[in-house]
Each structure stands twice: as structure tokens, then as C-alpha cells.
1. Using Cα-only point scatterers and the Debye equation, what is log10 of I(q)/I(0) for segment 57-185 at each q in 0.14, 0.18, 0.20 Å⁻¹, rounded to two decimals?
2. Please work out how much length the chain gains when fully extended from Ser70 to Asn84, using 0.36 nm per residue of separation minus the C-alpha to C-alpha distance, in nm with one decimal.
3. Putting +1 on Lys and Arg Cβ atoms and -1 on Asp and Glu Cβ atoms, find which of Ala65, Val117, Ser145 reaches farthest to the positive end of the dipole of segment 61-152.
4. Tabulate in residue order the Karplus-calculated ³J(HN,Hα) for segment 135-147, using 6.51 cos²θ - 1.76 cosθ + 1.60 with θ = phi - 60°, rounded to whole Hz; enter x for Gly and Pro.
5. Using a simple spin-label model with points 7 Å from Cα along the Cα→Cβ vector, what separation in nm is obtained for Thr13 and His140?
6. Which cross-chain or sequence-distant (5 or more) residues have an amide H under 5 Å from the amide H of Ile79, H modelled 1.01 Å from N in plane?
7. Taking 7 Å along the Cα-to-C-beta vector as the label spot, tell me the Asn38-Ala129 distance in nanometres, rounded to one decimal.
8. Between Tyr152 and Asp60, what is 0.36 nm times their sequence separation minus the Cα-Cα distance? Round to one decimal in nm.
Amino acid sequence: IPVTLQVLAADLTENFQDLASGWIISPMGQGNGWSVSNGVYSYSGLGFSQSCAGNIGWTDYSFDADVRLSNLSNWPGGIRGRVNPATGAGYAVWLYPAYGEMILYSVPQWNINQGGVSQLAVAPMTFDATTAHDLKLDFHGSAVSVYWDGSYMMGATDSSYASGYVCLDADSQPIAYSNIQVGAV
């Protein structure tokens, strides 16, 4: 009986020592709001923006990022996976510190407020602005799962988007990202 073993390595490991080389600002713009310092990729809160990387062919993967909030006001952003680089369509997890929740969305375009967005799941949260926290999106077929500091928070079954890039979503509050890992599952 032939047996094939395969070791799956990370498809993307990013510590931003290369000043975010290879990350692309979405058509939403605001590229001047992004900066890198000491391995942390930060957004200043200028308004809607995404910084994206990856491969359109990525299907089943885990997207893991350390996220640090600067304050507990709403609309700092979150992360997005299985993103179509032409349209921005994909799955987004957004953080709402003032409401004490995170929400998993199916988003058909770059602008999350433009319409057609479907809320897939919501989880209550207690946020802080003193520590970086591990936010992870897992994709297995039509199953989408969200983890916070290693604990399962919510999930949904949805087959709208099957593959795509990863993006760091940002909006009107400062937010910082570090220790990005994308690995096949």
C-alpha cells in the first residue's frame, strides 16, 4: 500500500522586518495610514483601508494575526480571508470594542458598509488596549471558524467564497498587527 506523507509548512510568515514588502493596499486607499516599526504593522485610523497579501489559489488555510487595539472605541477593523483581490469579496472578522463583540461577516466587496454584507456569527468579547491578542480565521471547505487567544469563539457554514488572499482590515481607530501566519490545513 503506497503511503504519501506531506508536511504542511506555513504559506506565509510575516514579522514585518521587511517593512511590509509584498503587502498591497486595497483600492480603498489610505496607504499613507499604514506604517511599520519594530515588527508591528500599524494603521493610524484614517478611514477604510486594507493591506493584503497571499495567493488567489489558497483554499483551506488558517490565518493567524496578533492584533492590538489602541483604544476601546468601535471601528478599529479586523482581518479578512479568502479575499478576491479584484473585488475584495471574502470573509471578515470585525472587532467592536465599545459593543463588546466581534462579528463574522460575508462581504461581497472592499467596503464593508456598502451593502450586501451578511452577518454569519457574533461572539461577546471583553477587549483591552494594553495587550496584543491572537485572532485567527480557519477555513475548512465551507466551515469558517474564529478563534481569540486560542479559544474558539464562533463559526459558520458558508460556501460563498472558496479561495483567496488575506487582508488586514482597518477603519477609523488605530490598530496594530504582528506575527502573521498563514498555513495550509
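1. Debye curve over Cα of segment 57-185, log10 I(q)/I(0) at q = 0.14, 0.18, 0.20 Å⁻¹: -0.53, -0.91, -1.15.
2. Here the segment from Ser70 to Asn84 would lengthen by 2.2 nm.
3. Of the listed residues, the answer is Val117.
4. Per residue, the Karplus-derived 3J(HN,Hα) values read 10, 9, 10, 10, 10, 9, x, 8, 8, 10, 10, 10, 10 Hz.
5. In this crude label model, Thr13 to His140 measures out at 2.4 nm.
6. So Ile79 has HN proximity to Val93, Asp169.
7. Going from the Asn38 label point to the Ala129 one covers 1.8 nm.
8. My answer for the length gained is 31.4 nm.
All of the numbers you see were taken from the coordinates with simple rules; none came from a lab. On a predicted model such as this, the values are computed, not experimentally measured, just so you know. Backbone-built Cβ (ideal geometry, glycine too); neighbour counts: all protein chains shown.
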